[in-house]
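Below you'll find the structure, written out as structure tokens, and then a few comments.
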Amino acid sequence: MSSPISNVRPAPDSLLVDLADYALSARITSDEALDTARWCLADTLACGILALAYPACTKLLGPVVPGTTIAHGARVPGTAYELDPVQAAFNIGTLVRWLDFNDTWLAAEWGHPSDNLGAILAVADWLSRQQSIGTAPAAFQSAIRPPQSAISMRDVLTAMVKAHEIQGVLALENSFNRVGLDHVLLVRVASTAVATALLGGTREQVINAISHAWLDGSALRTYRHAPNTGSRKSWAAGDATSRAVRLALIALTGEMGYPSVLSAKTWGFQDVSFKGQPVKLARPLGSYVMENVLFKISFPAEFHAQTAVECALKLHPLVKDRLDAIARVELTTHESAIRIIDKSGPLHNPADRDHCLQYMTAIGLIFGGLTAEHYEDKVAADPRIDTLRAKMTVAEDKQYSRDYLDPDKRSIANAVQVFFRDGTKTDKVEVHYPIGHRRRRAEGIPVLQRKAHAAFAGHFGTAKADQLMALFADRAKLEAMPVHEFVSVFSG
């Protein structure tokens with residue numbers, strides 16, 4: 001006869017406690033992390049503003065019910081929307097991720113830590129506006145910060161560092177994609193932790209909220225891979241951030257949590273979704289991820305292809321007038337790139353194309369650049385692209401793969417060499433670290449600033465772009481700025 005299952009409620013899983021304590025109590029003292037967060041904020045907003053030019057994205061924006069507006073709600077940069085913070089998080093998160101142009105983290109699990117800005121900025125703006133007029137929803141009066149501790153942009157930058165750290169450190173050794181789960185799980189977990197903390201949640205409430213984030217499980221990665229690659233990958237992070245804000249608000253009502261959501265035998269996340277493996281932190285939580293984050297500065301390409309496109313741009317002057325004479329193109333890369341973006345056959349939509357190593361390399365060789373427009377149907381119809389793709393071979397360099405996993409290197413190496421029918425060939429062009437890498441930070445930040453200015457100018461005009469970039473020029477002034485005043489400059 002079997003024994004009855006014990007119904008003694010356990011202490012919370014240690015991971016839930018570690019994440020909650022970090023979100024609530026950790027002091028971010030790294031000047032490098034906060035300075036990087038400043039430019040990460042500019043870059044992330046720029047990516048969102050760029051996405052406003054794409055109807056496939058903007059059709060998803062606005063309130064759930066058309067015509068609904070929220071007085072003193074959270075704003076969506078670049079638009080006139082004022083929404084509840086849950087839907088605002090979806091809007092901001094979708095804009096940020098749409099063009100696959102925001103920052104990246106590559107580890108056992110990869111992802112885009114600045115996706116969390118959807119939750120952070122929506123909550124911070126809504127909270128800041130409530131504080132500025134001295135009101136807050138009655139259900140949350142006990143949780144929301146009192147007026148004397150008004151939320152500032154320093155709080156936003158700190159929350160960004162913390163969300164980056166939670167998502168990125170969880171990704172170092174826990175490979176959710178290997179069991180078919182999408183990395184936006186970590187966006188939801190990180191956003192839930194920092195959003196609940198921003199709202200003034202107690203330790204118990206933050207732990208409870210995080211437990212709900214794990215309880216939700218994760219989306220499948222189907223929408224990122226052939227033959228189903230599609231545009232959901234561009235709004236999945238927005239969905240995750242909005243769910244995080246919803247869970248934070250639920251927890252603030254006093255709703256119970258689930259202490260062994262990870263470790264419970266049979267029914268916990270680890271047994272159900274992670275093949276019984278423990279979910280663990282690979283290192284103490286600090287500011288490592290923001291300091292080492294990878295920016296997509298030069299082009300909106302899936303990050304495993306960034307250096308391949310750099311190689312292609314270097315070769316463009318040598319091949320642009322000899323495209324018909326090319327016999328083959330050899331791409332040398334690392335294991336992750338082969339597994340994720342090595343793709344043959346027809347490409348059905350922009351999301352399919354920006355996750356194809358051969359397509360992105362072909363664009364660089366043919367056009368000498370790569371922008372979001374190059375993924376659209378009009379450019380993709382150019383027959384030279386598929387002709388060149390058909391001439392490409394992809395091979396792994398084992399050293400590239402080792403350097404990709406080496407925590408002291410974290411390279412994302414690619415090489416490209418072009419061979420012509422007459423027997424001549426180009427040099428093998430090799431790039432180990434993309435311009436957005438920490439090792440190229442001094443070179444990269446000015447390029448990031450130009451990217452942001454161009455994005456703002458394209459939507460708001462040059463004069464307004466100058467005004468927006470000035471917000472980031474002095475970090476001390478930026479940090480002291482109330483959040484609602486900062487967001488107001490980006491609204492409309």
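The values are calculated or read from the model by the stated rules, or taken from the named source; none is laboratory data. Keep in mind that what you see is a predicted model, and the values were worked out from it rather than measured. Virtual Cβ from ideal backbone geometry, glycine too; neighbours counted across all protein chains shown.
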Quick check on the range 436-456. Is at least one of its residues in contact with a Cys (Cβ under 7 Å, 6 or more places away or on another chain) and not in a helix (DSSP H, G or I)? no
Please list, ordered by first then second residue, the pairs with beta carbon atoms under 7 Å, 6 or more apart or interchain, first in the range 248-260 and among the polar types (S, T, N, Q) and in a loop (DSSP other than H, G, I, E, B), second at pLDDT 95 or above and buried (at least 18 other Cβ atoms within 10 Å of the Cβ). 260/13; 260/268
Of the residues in the range 390-425, how many are assigned to a strand (DSSP E or B) and of a type in the set (Val, Ile, Thr)? 4
What's the total number of residues in the range 269-324 that are in a helix (DSSP H, G or I) and of a type outside the set (Gly, Ala, Ser)? 25
Qualifying position, being more than 30 Å from residue 344 (Cα to Cα) and either without any contact (Cβ under 8 Å) to a residue 40 or more places away in the chain or surrounded by fewer than 24 Cβ atoms within 10 Å (Cβ to Cβ) (or both), among 219, 213, 193, 226: 213
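One line per residue, one yes/no per condition, for (1) of a type outside the set (S, T, N, Q); (2) within 20 Å of the chain's Cα centre (by Cα):
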site	(1), (2)
390	yes, no
399	no, no
409	yes, no
417	no, no
435	yes, yes
455	yes, yes
Evaluate the following for residue 314: is it surrounded by fewer than 19 Cβ atoms within 10 Å (Cβ to Cβ) and either farther than 24 Å from residue 189 by Cβ or in contact with an Asp or Glu (Cβ under 6 Å, 6 or more places away or on another chain) (or both)? yes
Do we have any residue at all in the range 346-358 that's touching a strand residue (DSSP E or B) at 6+ places or on another chain (Cβ under 8 Å), under 30 Å from residue 423 (Cα atoms) and either at pLDDT 95 or above or not in a helix (DSSP H, G or I) (or both)? yes
Do you know which of the residues in the range 282-310 that are among the β-branched types (Val, Ile, Thr) and under 22 Å from residue 109 (Cβ atoms) is surrounded by the fewest Cβ atoms within 10 Å (Cβ to Cβ)? 293
Condition set surrounded by fewer than 16 Cβ atoms within 10 Å (Cβ to Cβ) and small (Gly, Ala, Ser), scope the range 347-386, selection nearest to residue 302 (Cα to Cα): answer is 369
Of the residues 48, 78, 62, which is assigned to a loop (DSSP other than H, G, I, E, B) and crowded, with 21+ Cβ neighbours inside 10 Å? 78
Out of the residues in the range 272-281 that are of a type outside the set (Lys, Arg) and under 15 Å from residue 178 (Cα atoms), state the one that is surrounded by the fewest Cβ atoms within 10 Å (Cβ to Cβ). 276
Exactly one of 108, 143, 71, 139 is in contact with a Ser or Thr (Cβ under 8 Å, 6 or more places away or on another chain), surrounded by fewer than 20 Cβ atoms within 10 Å (Cβ to Cβ), at pLDDT below 95 and outside any helix (DSSP H, G or I), and that residue is 108
